[in-house]
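Enquirer: This is the structure I want to talk about, given as structure tokens.
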Amino acid sequence: MSDAEVAAFLDEERTVICASIGRDGFPHLMPLWYVRRDEDLWSWTFGKSQKVRNLERDPRATLQVEAGEEYAELRGVMLKCDVTLHRDGERVAELGTELFTRYRPEGPGELDEGVREMVLAQAPKRVALQFRARSRATWDHRKLAPGVY
């Protein structure tokens with residue numbers, strides 16, 4: 001995929017799978033909601049979560065976003081990332097608001113006051129995760145010649 005196709009794909013999809021490295025050396029895979037800010041993906045999670053512990057020990061993660069049901073429809077992006085943990089309450093609350101604005105059931109838009117209050121109440125318990133890609137791999141089987149698969 002081109003840079004523009006990757007950006008459009010990431011803006012269209014809703015869940016990223018984050019693989020951090022567990023204490024036992026095995027990958028620890030977890031789904032996250034995310035927002036794209038320029039070249040970086042951002043997410044948040046509880047500060048006491050296993051993925052935060054893993055990222056404190058080793059601030060690297062592999063992210064994967066994928067789509068498609070049939071082989072000829074499969075497409076995705078895999079990013080090998082350096083991860084920065086942000087604990088500043090204001091920054092975390094701002095990210096939480098951005099996430100919930102994107103993931104509203106009725107589509108992106110203004111948050112109602114109850115959701116905004118929930119985000120602000122959760123922010124002190126959460127950490128913002130900034131994923132900066134070192135490298136990426138992409139695939140789009142829709143571009144394969146018919147009969148290739």
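Enquirer: What distance in nm separates the simple spin-label points at Asp3 and Glu110, each placed 7 Å from Cα in the Cβ direction?
Expert: My value for the distance between the label points is 3.6 nm.
Enquirer: How would you rank Trp42, Trp33, going from fewest to most other Cβ atoms within 10 Å of each one's own Cβ?
Expert: On the way: Trp42 20, Trp33 15.
In order of increasing Cβ crowding within 10 Å: Trp33, Trp42.
Enquirer: Let me ask something additional. Using only Cα atoms, locate the centre of region 9-61 and the centre of region 68-108, then give the distance between them in Å, rounded to an integer.
Expert: Using only Cα atoms to place each centre, the spacing works out to 9 Å.
Enquirer: Another one. Can you work out the FRET efficiency for the pair Glu56 and Leu144, with r the C-beta to C-beta distance and R0 = 41 Å, to the nearest 0.05?
Expert: Once rounded, the FRET efficiency stands at 0.50.
Enquirer: Determine which lysines satisfy two conditions relative to Lys143: a Cα distance under 27 Å, and not lying fewer than 8 residues away in the same chain.
Expert: Counting by Cα, and skipping residues close in sequence, Lys143 has these lysines nearby: Lys80.
Enquirer: A follow-up question, please. Consider a paramagnetic label point 7 Å from the Cα of Gln64 along Cα→Cβ; state which residues of region 114-141 have an amide N under 18 Å from it.
Expert: 133-141
Enquirer: Still on this structure, please answer the following. Which whole-number percent is the relative contact order of region 43-149 (Cα, under 8 Å, 6+ apart)?
Expert: The normalised contact order for region 43-149 reaches 39 percent.
Enquirer: Still on this model: For semi-axes √(5λ) of the Cα gyration tensor in Å, pick the label among [x] 25, 16, 15; [y] 28, 20, 12; [z] 38, 15, 12 that corresponds to the value derived from the coordinates.
Expert: Computing semi-axes √(5λ) of the Cα gyration tensor in Å and matching it to [x] 25, 16, 15; [y] 28, 20, 12; [z] 38, 15, 12 gives [y].
Enquirer: I would also like to ask the following. Going by how many other Cβ atoms sit within 10 Å of their own, how do Leu85, Leu55 line up, fewest first? It would help to have the intermediate numbers written out before the result.
Expert: Details: Leu85 14, Leu55 22.
Ranking Leu85, Leu55 by Cβ neighbours within 10 Å, fewest first, gives Leu85, Leu55.
Every number in this text was worked out from the coordinates using simple rules, so none of it is lab data. Model, not experiment: these values are computed from the prediction. In this analysis, Cβ positions are derived from the backbone assuming ideal geometry, glycine residues included, and neighbour counts consider all displayed protein chains.
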